[in-house]
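The values are calculated or read from the model by the stated rules, or taken from the named source; none is laboratory data. Quick caveat: nothing in here was measured; it's all calculated off a predicted structure. Neighbour counts are summed over all protein chains in view; Cβ atoms, including those assigned to glycine, are modelled from backbone coordinates with ideal geometry.
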Amino acid sequence: MKENPEDHFLIELNQNIRIVHRICHIYFRDRDEREDMFQEIMYQLWKSYSTFKGESKFSTWMYIYHTVHYLADYVYDAIYYENKKKRFKDPLDQLESILRDMKQSMDD
């Protein structure tokens with residue numbers, strides 16, 4: 001009997017769910033942001049599950065092709081928003097500001 005795609009997705013996801021939890025915990029200190037990002041990643045994974053061809057492990061597909069790409073978009077949007085808010089003229093000033101903010105949040 002052939003496994004339906006939803007069942008297969010849930011089995012694979014349950015075996016690899018810690019990856020998403022770890023990533024959310026690393027990138028987001030605020031609990032609400034972590035939960036929002038976790039839900040969004042789950043939604044994106046399910047929405048794009050039909051593209052999983054089984055040419056790699058599910059965990060690899062989940063991590064590289066979706067979790068990282070989605071986080072990259074999220075970080076890009078955050079940088080773009082900060083850039084608009086602070087009106088940086090020099091990209092190096094923007095980078096320095098981002099690194100300073102990241103260091104400060106890690107020290108807190």
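Observations, loosely collected:
- All positions within the stretch 21-59 that are among the β-branched types (Val, Ile, Thr) and farther than 15 Å from Tyr74 by Cα: Thr51
- Total residues in the stretch 3-45, condition in contact with an Asp or Glu (Cβ under 9 Å, 6 or more places away or on another chain), surrounded by 15 or more Cβ atoms within 10 Å (Cβ to Cβ) and assigned to a helix (DSSP H, G or I): 1
- Residues in the stretch 8-31 that are charged (D, E, K, R) and at pLDDT below 90: Arg22, Arg29, Asp30.
- Any hit, the stretch 55-67, residues being in a helix (DSSP H, G or I), modelled with pLDDT under 90 and either in contact with an Asp or Glu (Cβ under 6 Å, 6 or more places away or on another chain) or exposed (fewer than 10 other Cβ atoms within 10 Å of the Cβ) (or both): no
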